[in-house]
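Worksheet for the structure shown next.
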Protein chains: 2
Amino acid sequence: MQRPVSAAQVSLATVAAEAGVSVATVSRIVNGETRRASAQTVMRVQAAVVALGYQPNHVGRALRRRQSRVVAMLAPNLDNPAMAAIAVSTEAALRAAGYVMILCDTHDRADLQDEYLQAMRSQLVQGYVLVSAVTSPALSDALARGEPIVFVSRRNPEGGAYVGIDNHAAGAAAADYCLARSITEPAVIFPAQGSSSTAARVAGFVERLIVRGVEADRIRRASAPGLSHLQVGYDAARALVAASAGGWPKGLLCVSDMMAYGAYRLAVERGVAIPETCLLIGIDANPLNAWIAPWLTSVHIPYPDFGAKVVEQLTALWGGTMPDDILLPHSLEP
Amino acid sequence: MQRPVSAAQVSLATVAAEAGVSVATVSRIVNGETRRASAQTVMRVQAAVVALGYQPNHVGRALRRRQSRVVAMLAPNLDNPAMAAIAVSTEAALRAAGYVMILCDTHDRADLQDEYLQAMRSQLVQGYVLVSAVTSPALSDALARGEPIVFVSRRNPEGGAYVGIDNHAAGAAAADYCLARSITEPAVIFPAQGSSSTAARVAGFVERLIVRGVEADRIRRASAPGLSHLQVGYDAARALVAASAGGWPKGLLCVSDMMAYGAYRLAVERGVAIPETCLLIGIDANPLNAWIAPWLTSVHIPYPDFGAKVVEQLTALWGGTMPDDILLPHSLEP
């Protein structure tokens, strides 16, 4: 995940070095406090700002105006790369819009989600971004009060602004990918405590296979309990390939990359070649895959684009409008 | 990173189901509001709490008492698994101590670190956890004001409470590991914009090799610019193995697992077998390694233990004491 070097990355220190003044002086001048500096210094700093393309950060200015410009993101698992990608993208988009994002880890638990919703309310945040939210009493209360809340990746059953992908279509794309490679009986694994989004992925996969002529009872499915998709992937794959279940399928959809990593570990332990013997398909296309998991095929979700859409939804809510869902395009690289 | 199912994971909903009452009723009773419930209901809920080992979360209670119990963590890269591990562990330890943690991504930039320090100050947070901080004007100001700040992973040059590992010794352990396997001329790669912690790892590695009889000019070193350790690892490895530099070493220390992932990608592209041809050693021991990077040897850092130590340091600071550094034990699995 290399970040492009852009004008946004020119720091105050770079401007200060270019202008031959202190960072504090640059900071004051770009924030409009020019009284303490000579006209010559102001001009030198402004020239350096233009030459380097420095973009002052509006957060500090907003805060000095004593506006609360804070948005809270509540996410279930900070150690999942997909969550991290959503957090990074949203933080950047909010910062560009002049907001500070603060991030809370709910561990996928309704009670912690409620604690953080209450905590953030007491911090007077201006909006909420709930990634893979669960239903909870404080969430219902917040929605009833009309708080600006954007749901990401998992729709709220009670409605609300949404940013995500078409999970059903993503599952269908995995089915098409298998059939195009003459894998006519691919299998699927998923968490037993599935969310609406994982359920939609499984349904999309199975329904597309059936529509394209695969008999329903030939589509093997397995699940396992737990919150760690790594372990769930391992355990569900083990259940799937147990002798009575018929061994390794030629293609296996795992409803997240983390689940695919778990299935991969089992394959390595069993000496099963991935992807030669079993084509593993994940969903997420974690950036790490290109570096250390080139054996994984994965439905690409444009997480770096999520942030701007989240801000778009929040802006609509702040303007008093309940916006339509935003579905971002997934793709399965050939 | 599977989380153990423990008493801490029993939810309000579980207690409610066990007691046969609503979640709202359980929430009120465990928070001491017993007036609206019958004595029988209170007893039933309390029995369920004991039977299930439910641990009420103190954050909500603290907030209802209108105390600000918020601690801010500023970290450079949320998409680095090591950062995520530190954030997860610290959030859990703070929550157990009755605090809410909010997390800000500084992108390793002094100006963003300053923006977030100022933003969090305006939120009246009770303390700061700075992971791999950089020097910055607002940080100096905060230290001068005596704000409670704990530095993690990277010491502040101007001093302050610290939690981390002995980076010098971690580098030395990698040297010993190579020599024990008759790899007498291992190499090392590191980021050109190195921090004090990466510099200490390199120095510990090189100095131990020299002490144990390796000639200094036989220890090949390479670096590359950039902020993404993945790309830095790839680029630095490429520089290291360029024809004029002498090809692939039998052992290669990468100062982070992310750098090792980068070097691995180059090895795969070049058809170099890892670890058979080149033993790759990282530092971090990311939990993902066991699942998808079994080819990587890595110095283990006990990130799950960091959180409790961070809270210990904060507690000392809140008590008016500047605590000694806490160094957690690293280990290199055999």
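The values are calculated or read from the model by the stated rules, or taken from the named source; none is laboratory data. Here the structure is a predicted model, which is why all the values come from computation and not from measurement. Neighbour counts run over all protein chains shown; Cβ positions are idealised from the backbone, glycine included. To get the accessible areas, we keep the full protein, side chains included, count just its heavy atoms, and leave off ligands, DNA and RNA. Shrake-Rupley method; radii C 1.70, N 1.55, O 1.52, S 1.80 Å.
If only one of B:Val10, B:Val71, B:Val59, B:Val26 is within 13 Å of chain A (Cβ to nearest Cβ) and at pLDDT 85 or above, which one is it?
Checking each option against the conditions leaves just B:Val71.
Output yes when any residue across region A:102-111 is over 18 Å from B:Gln118 (Cβ atoms), more than 7 Å from chain B (Cβ to nearest Cβ), open to solvent by 20 Å² or more (accessible area, probe 1.4 Å) and not aliphatic (A, V, I, L, M), and no when none is.
Within region A:102-111, one or more residues are over 18 Å from B:Gln118 (Cβ atoms), more than 7 Å from chain B (Cβ to nearest Cβ), open to solvent by 20 Å² or more (accessible area, probe 1.4 Å) and not aliphatic (A, V, I, L, M).
Do you know which residues across region A:216-239 are of a type outside the set (Ser, Thr, Tyr) and part of a loop (DSSP other than H, G, I, E, B)?
A:Ile219, A:Arg220, A:Pro225, A:Gly226, A:Leu227
Output the residues belonging to region B:82-101 that are within 15 Å of the chain's Cα centre (by Cα) and within 7 Å of chain A (Cβ to nearest Cβ).
Passing the criteria: B:Ala84, B:Ala85, B:Ala87, B:Val88, B:Glu91.
Every residue, every condition in (1) within 23 Å of B:Leu288 (Cβ to Cβ); (2) in contact with a strand residue (DSSP E or B) (Cβ under 9 Å, 6 or more places away or on another chain), yes or no:
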| residue | (1), (2) |
| --- | --- |
| B:Arg208 | no, no |
| B:Arg218 | no, no |
| B:Ser223 | no, yes |
| B:Arg238 | no, yes |
| B:Gly247 | no, no |
| B:Leu252 | yes, yes |
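Can you tell me which residues in region A:122-133 are within 23 Å of the chain's Cα centre (by Cα) and at the interface with chain B (Cβ under 10 Å from one of its Cβ atoms)?
A:Val125 - this is the single residue of region A:122-133 that is within 23 Å of the chain's Cα centre (by Cα) and at the interface with chain B (Cβ under 10 Å from one of its Cβ atoms).
Restricting attention to region A:162-179, report how many residues are assigned to a strand (DSSP E or B) and out of contact with any Asp or Glu (no Cβ under 8 Å at 6 or more places or on another chain).
Final tally of qualifying residues: 1.
Quick check: is even one residue across region A:273-283 among the small types (Gly, Ala, Ser), touching a helix residue (DSSP H, G or I) at 6+ places or on another chain (Cβ under 9 Å) and either closer than 16 Å to A:Ser197 by Cβ or not assigned by TED's automatic domain parsing to the domain that holds A:Met101 (or both)?
yes
Report whether or not A:Arg154 is of a type in the set (Lys, Arg), part of a loop (DSSP other than H, G, I, E, B) and closer than 26 Å to B:Leu12 by Cβ.
yes
Report whether or not B:Glu276 is within 11 Å of chain A (Cβ to nearest Cβ) and farther than 26 Å from B:Met83 by Cα.
When the stated conditions are applied, B:Glu276 does not pass them.
Kindly indicate the residue of region B:180-203 that is out of contact with any Pro (no Cβ under 8 Å at 6 or more places or on another chain) and part of a helix (DSSP H, G or I) and also nearest to B:Met83 (Cα to Cα) among those meeting that condition.
Taking the candidates together, the pick is B:Ser197.
How about region A:240-270: which of its residues are open to solvent by 10 Å² or more (accessible area, probe 1.4 Å), assigned to a helix (DSSP H, G or I) and hydrophobic (A, V, I, L, M, F, W, C)?
A:Val241, A:Ala243, A:Ala245, A:Met258, A:Val268 - these are the residues of region A:240-270 that are open to solvent by 10 Å² or more (accessible area, probe 1.4 Å), assigned to a helix (DSSP H, G or I) and hydrophobic (A, V, I, L, M, F, W, C).
Conditions (1) away from chain A (no Cβ under 14 Å); (2) at pLDDT 95 or above, marked per residue:
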position	(1), (2)
B:Thr135	no, no
B:Ile149	yes, yes
B:Arg155	yes, no
B:Tyr177	yes, yes
B:Ala222	yes, yes
B:His229	no, no
B:Val232	no, yes
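Residues in region B:219-228: is at least one open to solvent by 30 Å² or more (accessible area, probe 1.4 Å), under 26 Å from the mean Cα position of the chain (by Cα) and among the small types (Gly, Ala, Ser)?
yes
B:Ile274 versus (1) touching a strand residue (DSSP E or B) at 6+ places or on another chain (Cβ under 6 Å); (2) touching a residue at least 24 places away in the same chain (Cβ under 8 Å): which is the lone unmet condition?
So B:Ile274 meets the others, but not (2).
Enumerate the pairs (first residue in region B:97-121 and under 25 Å from A:Val15 (Cα atoms); second residue anywhere and aromatic (Phe, Trp, Tyr) and in a helix (DSSP H, G or I)) with beta-carbon separation below 7 Å, excluding pairs fewer than 6 apart on the same chain, so at least 6 apart or on different chains.
Between residues of region B:97-121 that are under 25 Å from A:Val15 (Cα atoms) and residues that are aromatic (Phe, Trp, Tyr) and in a helix (DSSP H, G or I), the close pairs are B:Cys104/B:Tyr116; B:Thr106/B:Tyr116.
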